[in-house]
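Engineer: Just dropping this structure here.
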């Protein structure tokens, strides 16, 4: 039986706030990392998105942080995207309660005014994207000399986005005796540089092996371009809330508009949208006001909403790592999910490469919306059956009728 937060030694008021939210038992990464982090050790955690790592580092952060001064915070969290930074700050505030540590979120896409005002007033915890943090350091609105706790969240995504050199420059500015908590889906390559240079005798907790056996089912459907819009409409109508991934920003805008015209409520989410537009889209999605987010890869690691029923790869990604990150929007924290990839004949080679890397059955199947409700349809990552899926031999002439809208509650529970 999973331990309670009380049993992990979590401070009584924090455990009580978690209890009030219905979060009583620790997920694996939380049970593993929280005691060591509370004891002041560096943490090197390998855990996928949706495994509960925000609470895993949020509890020790709120517990151990000291009071900061004007422009001189004492704790720093680095995150790759604006959405993730905002959601981490929200979780920190929930854990700390009204009398807890003061925090602010620092990211681009908005003006400097409120961020500078918060820093001048004085905060204990800064949650930041590296680019905007550097801007404020250059403006001398922020000094990191007093930072005694650093969290690096989604370090592999930071590396993918080219932030690692900036992350290293930032880490060189904080106290040498800091406590460093690092979480990543992979612990090799560029991430290993951070571990070797910026952690000391870290407690290593790897729960990804268990979590990677996701309950999500993966379906690869033969779908040429003319059929994809109708198929996407049918899939989202049957399984929502859903995230639909496109290759480009323009394509995401066009697809969202087309879905809305067909009666499927959706909102686009990509890097060319203003921060206010992105926040409105995410809030509407989290509240169940839109059935689908139509996104580029900015959303593959940037959104944390529970109970997403389905992910649709309208355009399949070019590598298996991106596929896993995108697909990780569904099937989170043990919940069921389904992932549908729409594949044209010109993408067969890319699809087979993905399937081989992820140990999924090779080949495509004919689109079948009815199969979305069948728990036996599709395969899970790393558990491919011995017999491969049937290679597609005929073109799909249109989607089968959806069996009815499956509405799921889309509650944000902080278990991200």
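The values are calculated or read from the model by the stated rules, or taken from the named source; none is laboratory data. Quick caveat, the model's predicted, so the values are computed rather than measured. Positions of Cβ are generated from backbone atoms using ideal geometry, with glycine treated the same way; all protein chains shown enter the neighbour counts.
Engineer: Filter region 21-54 for residues that are surrounded by fewer than 20 Cβ atoms within 10 Å (Cβ to Cβ), modelled with pLDDT of 95 or more and not in a loop (DSSP other than H, G, I, E, B) and give the result.
Structural biologist: Passing the criteria: 35, 36, 38.
Engineer: Ok, one more. With respect to residue 18, is the statement that it is surrounded by 15 or more Cβ atoms within 10 Å (Cβ to Cβ), in the same structural domain as residue 100 (by TED's automatic domain parsing) and closer than 23 Å to residue 98 by Cβ true?
Structural biologist: yes
Quick grid of which residues meet (1) in contact (Cβ under 8 Å) with a residue 12 or more places away in the chain; (2) more than 19 Å from the chain's Cα centre (by Cα); (3) closer than 21 Å to residue 83 by Cβ:
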residue	(1), (2), (3)
248	yes, yes, yes
267	yes, no, yes
283	no, no, yes
307	yes, no, yes
343	yes, yes, no
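Engineer: A further question on this structure: Out of the residues in region 70-87 that are in contact with a strand residue (DSSP E or B) (Cβ under 6 Å, 6 or more places away or on another chain) and modelled with pLDDT of 95 or more, state the one that is farthest from residue 306 (Cα to Cα).
Structural biologist: 73
Engineer: Residues of region 191-208 being under 22 Å from residue 56 (Cβ atoms), modelled with pLDDT under 90 and in a helix (DSSP H, G or I), which ones?
Structural biologist: 191, 192, 208
Engineer: Which of the following residues is more than 22 Å from residue 48 (Cβ to Cβ), in contact (Cβ under 8 Å) with a residue 60 or more places away in the chain, surrounded by fewer than 21 Cβ atoms within 10 Å (Cβ to Cβ) and touching a strand residue (DSSP E or B) at 6+ places or on another chain (Cβ under 7 Å): 143, 110, 147?
Structural biologist: 143
Engineer: I've got another one for you. List the number of the failed condition for residue 224; all other conditions in (1) in contact with a helix residue (DSSP H, G or I) (Cβ under 8 Å, 6 or more places away or on another chain); (2) surrounded by 21 or more Cβ atoms within 10 Å (Cβ to Cβ); (3) under 27 Å from residue 371 (Cβ atoms) hold.
Structural biologist: Result: residue 224 fails condition (2) only.
Engineer: When you scan region 330-346, do you find a residue that is assigned to a helix (DSSP H, G or I), at pLDDT 85 or above, surrounded by fewer than 15 Cβ atoms within 10 Å (Cβ to Cβ) and not assigned by TED's automatic domain parsing to the domain that holds residue 78, even just one?
Structural biologist: Checking region 330-346: at least one residue is assigned to a helix (DSSP H, G or I), at pLDDT 85 or above, surrounded by fewer than 15 Cβ atoms within 10 Å (Cβ to Cβ) and not assigned by TED's automatic domain parsing to the domain that holds residue 78.
Engineer: Here's something else I'd like to know. What number of residues in region 255-287 are at pLDDT below 95 and part of a helix (DSSP H, G or I)?
Structural biologist: Of the residues in that region, 12 qualify.
Engineer: Scan region 347-362 for residues that are surrounded by fewer than 22 Cβ atoms within 10 Å (Cβ to Cβ) and either within 28 Å of residue 84 (Cα to Cα) or modelled with pLDDT under 90 (or both) and jot them down.
Structural biologist: Listed by number, the residues that qualify are 357, 358, 359, 361, 362.
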